Amino acid sequence: MSGLSPVTRKLLAVTLLILLAFGAWSLVAEPILARHDLYRQQIEETEALLARYRSVIGTEAALKRERALLEETATASGGLLEADSPNLGAADIQTRIKAIVDASGASLKSMGNVPPESREGFQRVATRVNLLSDTRALQQVLHDIETARPYLFVDNLSVRARNRRARRNGEGDAAAAQLQVGFDVYGFIQAAPQ
């Protein structure tokens, strides 16, 4: 190095200094800054997620108030059966069905309870009904059940003609044909608080 001119030595020293600074930057500072950027990005994502969670938590109270209002409205509007237990609800349904069937002129053969089901704060109470009827009476029964208050619903409807021979021969009125009918009628009661 003693044979180099002072300007070359200064250039060589500046070049070594620049290479040393670049090496320090590449090996030390750049990874630290890259990691810092990664952490900053993760913090921003976590804060956004936290804000979403807070907004969801904020809506929980409003949803609970809305549900309570809906339950109160359903009870007040007569949509629910007024019974304290599923058995009393089923008995209420059976009493209503018996009155509807008797008024229509159909013949009630049997009724039986269906096990209750819990559904979102309510209990579904059902009764299985079997009856003999003609077409007009069946129409009246179904209409009266589905327009009743509290709300009652028909499910699993099965209708079969009893006197097939008369229908095949063309004898008799089709509306007067005896039908064997089976269906479930259900309504809802407020579930007991747990």
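Each reported figure results from applying straightforward, stated rules to the coordinates on display, with no laboratory input. Please read all numbers here as calculations on a predicted model, not as lab measurements. Every residue, glycine as well, gets a Cβ built from its backbone with ideal geometry; the counts of neighbours run over all protein chains shown.
In the chain, excluding the sites themselves, the longest stretch lacking any of the GluC sites (Glu not before Pro) that are in a DSSP loop with at most 14 other Cβ atoms within 10 Å is 1-81. Using the rule -39500 (n - 2.57) for each DSSP H run of four or more residues, divided by the residues of the chain, the 222 nm mean residue ellipticity is -18000 deg cm²/dmol. Using only side-chain charges placed at the Cβ, +1 for Lys and Arg and -1 for Asp and Glu, the dipole size of the stretch 84-126 relative to its Cα centre rounds to 160 debye. Angle of helix 30-76 to the longest C-alpha principal axis of the chain, folded into 0 to 90 degrees and rounded to 10: 20°.
Once the Cα atoms are used to define both axes, helix 86-104 deviates from the longest principal axis of the chain by about 40 degrees.
Largest first and in whole Å, the equivalent-ellipsoid semi-axes of the chain read 85, 24, 12, each the square root of five times a Cα gyration tensor eigenvalue. Rounded to the nearest 10 degrees, the angle from helix 135-146 to the longest Cα principal axis of the chain is 40 degrees. Summing Lys and Arg as +1 and Asp and Glu as -1 over all other residues whose Cβ lies under 14 Å from the Cβ of ALA148 gives a net charge of -1. In terms of surrounding Cβ atoms within a 10 Å radius of their Cβ, PHE22, PHE153 rank from fewest to most as PHE22, PHE153. Taking other Cβ atoms within 10 Å as a rough exposure proxy, VAL125, VAL56, VAL181 sort from fewest to most as VAL56, VAL181, VAL125.
Average projection, convex hull of the Cα set of the stretch 1-77: 7.3 square nanometres.
Fewest neighbouring Cβ atoms within 10 Å first, the residues TYR186, TYR39 line up as TYR39, TYR186. Cross-link partners of LYS98 among lysines, defined as those whose alpha carbon lies under 16 angstrom from its own and excluding same-chain residues fewer than eight positions apart: LYS109.
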